[in-house]
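Data first, discussion second: the structure below is written as structure tokens.
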């Protein structure tokens with residue numbers, strides 16, 4: 001997107017379509033992933049993101065579109081390079097470690113040249129912090145260790161592309177944050193291009209260089225975590241990623257009325273949706289008056305539910321200071337809201 | 001905040017077809033399975049008038065009813081033994097229940113005709129009891145042959161099939177449900193009847209189906225006990241007349257009867273779900289039997305005495321007597337070798353044939369082709385050994401090089417026992433997650449290498465257990481062996497049979513005991529390989 005045009009493309013997916021019988025799971029997968037980046041595909045369950053990953057790996061065949069890995073065309077209507085010849089490394093959600101092999105045997109499984117094997121296995125085990133684990137049995141390991149074995153096994157053959165399917169979902173929530181950081185570090189040190197699929201926005205935003213938001217078989221937006229969060233391109237992206245107040249309204253002469261005043265609407269738009277993050281609203285004496293109706297207390301902060309005089313309900317992220325229910329408050333925006341075209345359920349055209 | 005869309009239904013784990021080799025092998029197996037029933041139809045249609053006359057005869061109707069009542073009685077009696085036995089072993093503090101669980105499954109190693117032989121040798125006309133009583137002037141004992149004798153023998157040597165399906169089901173039933181029921185104030189018995197028994201229904205039905213089909217198709221047991229079941233009448237007709245169309249029609253009728261029983265089981269099982277929600281934390285607390293442990297032990301002891309001690313004891317007695325009086329016991333080792341060779345060959349061929357069928361059914365279950373192949377592979381389940389053997393004999397008479405060869409015999413075994421091998425191969429393949437195979441492919445291995453380096457090692461134990469089961473069943477098999485064995489090929493089973501049919505008990509004892517011993521070893525291999533790691 002906003003990278004230099006000279007950067008090498010590791011993956012180029014162009015209009016991939018995947019159908020199972022009468023069901024279209026991937027309607028249009030179009031993606032560019034730059035060599036060396038950690039890229040996340042984020043979306044709700046059932047949006048087709050795992051299928052997207054399986055298309056890249058070669059476990060599924062697209063019914064239309066073209067897929068290029070580095071400079072090699074690997075999938076097109078008349079081309080299908082099988083997974084074993086794509087040079088990919090895959091980390092499965094359930095890790096799929098071979099239970100009849102030791103850790104070392106698992107990692108060595110994909111390393112082709114027998115002469116290089118021993119050294120390469122040791123190298124990857126060190127990289128993943130598993131040196132000394134080579135002779136351990138797979139089922140003796142903890143969940144986090146198993147995940148690192150899966151990662152080491154995938155990295156050992158020096159893949160051109162690493163694919164990770166929900167790699168953290170089988171881990172304890174308390175372990176996840178730490179393992180996420182470790183994973184990013186390992187992948188970066190290995191220098192591999194990596195694509196991660198997840199339904200957890202925190203995961204995608206916190207470790208990826210860029211994020212693609214997927215909805216019902218289509219990529220709706222690609223951008224840095226910051227862009228995705230601050231400037232959602234579609235209503236689905238705004239609603240799925242982070243917390244959002246969404247006001248629907250009609251534009252009138254290039255402008256739209258919001259509870260906080262008039263803002264410019266996208267050109268030619270009729271129905272629009274105004275996206276306001278709760279943290280972009282503040283309590284300010286000179287703001288729009290309202291009444292506090294409920295609150296969710298989180299300790300480090302809280303979300304206040306405020307009914308404005310006009311009737312709109314607004315959620316506001318505020319500091320932990322206590323406000324009694326029924327308190328009269330006044331709200332104002334810190335920044336101009338994102339205004340999106342609201343065309344029913346189809347993808348919204350970007351603005352903002 | 002977030003409105004989730006309805007998740008798109010993502011079907012079957014893998015798209016893309018099966019490898020052509022796998023599909024071709026599976027298709028070959030399916031065609032082979034279809035051959036016997038089709039051949040019988042063709043043969044019966046040779047002379048439709050004769051076939052119709054046989055089928056519509058009043059005696060055929062009576063025979064059918066008699067056989068159905070027989071199968072029903074055996075199934076019911078076996079359930080009456082297996083259900084309490086399974087519960088005692090799995091759920092109570094019965095002393096020695098682990099050992100009892102193993103001993104109670106051992107009668108599976110005793111073929112029904114060996115069991116019948118032991119009963120006749122002990123309680124029959126010239127049996128041990130009569131000999132012991134003859135000084136007292138007892139010349140005749142009440143006959144143990146006929147319907148009740150046949151029912152007793154078949155029950156005692158088939159109930160372990162039900163025990164095998166019931167025990168895991170009882171062990172898997174969630175004890176929390178029972179605790180819940182008791183907390184509502186229902187007693188143990190009400191809880192068992194209303195909650196545990198319904199959960200056991202699928203296991204009960206599938207075990208009962210096995211026993212009903214076994215009884216229907218068993219030839220040796222009923223024949224020795226002089227009960228005119230379908231198989232005995234069919235065999236006599238085959239042996240004594242040249243009316244091959246009539247025999248084919250009768251064989252077809254027997255196959256149809258078996259299919260009716262299978263259909264009945266499918267229909268009663270219905271569409272209800274019995275999935276056990278797995279992962280309950282702790283096994284149920286054993287029910288304390290208290291003073292009831294004595295009647296319980298007496299029941300277990302009675303069953304084991306009749307099903308295990310009596311046959312082995314009687315055979316041992318006759319063997320000792322034969323050794324003492326110097327009766328020649330020729331060539332049991334040759335027969336044992338023939339038996340083991342044929343059974344091992346059958347186990348190998350059947351397991352190899354089962355693998356492509358199981359791969360299709362586990363990995364490509366959405367395909368019509370897979371389902372068709374699986375259904376066809378299960379036809380052997382419903383076809384009595386006698387029927388398959390007759391079909392193969394009728395067919396092979398026209399193919400000189402195949403007639404009376406070991407290959408034909410092994411083919412019959414494979415057709416008959418393929419369902420057992422497919423069943424175990426399916427279970428073991430299900431344990432190999434598709435993601436493991438995909439991980440291996442992602443790591444640069446071609447499908448064939450993935451199969452040999454991941455799929456086979458991970459399912460090897462299950463396949464071995466299946467092979468041991470086929471081996472065991474082949475060791476015991478009688479009618480197909482009698483009809484199809486090549487000249488000079490005499491297995492333990494045929495040797496026992498020929499000695500028994502004219503009451504030469506001493507001569508039968510050594511091969512019978514050898515047969516039981518080898519079968520018990522196969523049973524041990526099966527349990528060891530089938531055990532969880």
Residue B:239 paired with residue A:303, simple spin-label distance in nm, labels 7 Å along Cα-to-beta-carbon: 8.4 nm
Relative packing of peptides A:294-300, A:202-208 - highest average C-beta neighbours within 10 Å first: A:202-208, A:294-300
Inter-chain shielding of B:441-453 (mean C-beta neighbours from other protein chains, 10 Å cut-off): 6
Proxy reagent accessibility, fewest Cβ within 10 Å first, across A:286, B:47: A:286, B:47
Part-to-part distance (alpha-carbon centres) for the range A:164-212 and the range A:9-41, which is given in Å: 19 Å
Taking B:292, A:215, B:189, B:87 and counting other C-beta atoms within 10 Å, the order from fewest to most: B:189, B:292, B:87, A:215
Cα-based Rg and Dmax for the protein assembly as shown, where Dmax is the largest Cα-Cα distance (Å): 35.8, 122
Chain B - mean residue ellipticity at 222 nm from DSSP helices (-39,500 (n - 2.57) per run, n ≥ 4, rounded to 500): -23500 deg cm²/dmol
Highest-first arrangement of B:227-236, A:175-184, B:58-67, B:504-513, where packing means the average Cβ count within 10 Å: B:504-513, B:227-236, A:175-184, B:58-67
B:113, B:403 arranged by Cβ crowding within 10 Å, fewest neighbours leading: B:403, B:113
Separation of the residue B:365 and residue A:140 label points, Cα + 7 Å toward Cβ, nm: 3.5 nm
Using a Förster distance of 35 Å, the FRET efficiency for residue A:81-residue A:177 (Cβ separation, nearest 0.05): 0.40
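Hey, can you rank A:218-225, A:126-133 by average C-beta count inside 10 Å, highest first?
A:218-225, A:126-133
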For B:431-439, mean number of other protein chain Cβ atoms within 10 Å: 6
Among beta bridges that DSSP assigns inside the protein assembly as shown, antiparallel share in %, nearest 5: 75 percent
Nearest-0.05 FRET efficiency for residue A:324 and residue B:188, computed from C-beta distance (R0 45 Å): 0.20
Chain A: angle of helix A:143-155 to the longest principal axis, Cα-based, in degrees nearest 10: 60 degrees
Spatial extent of the range A:243-341: Rg and Dmax, with the Cα atoms as the point set, Å: 14.0, 44
Residue B:299-residue B:460 pseudo-label distance in nm [points 7 Å out on the Cα-to-Cβ vector]: 4.3 nm
Average partner coverage of A:156-168, which counts Cβ from other chains inside 10 Å: 1
Shape metrics for the range B:331-533, restricted to C-alpha atoms - Rg then Dmax, Å: 19.0, 65
Separation between Cα centres of the range B:443-461 and the range B:476-533, rounded to whole Å: 36 Å
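Rule-based calculations on the coordinates, nothing more; no lab input. The model shown is predicted, which means the values in this text are computed figures rather than measured ones. As a convention, Cβ positions derive from the backbone with ideal geometry for all residues, glycine included, and neighbour counts pool all protein chains shown.
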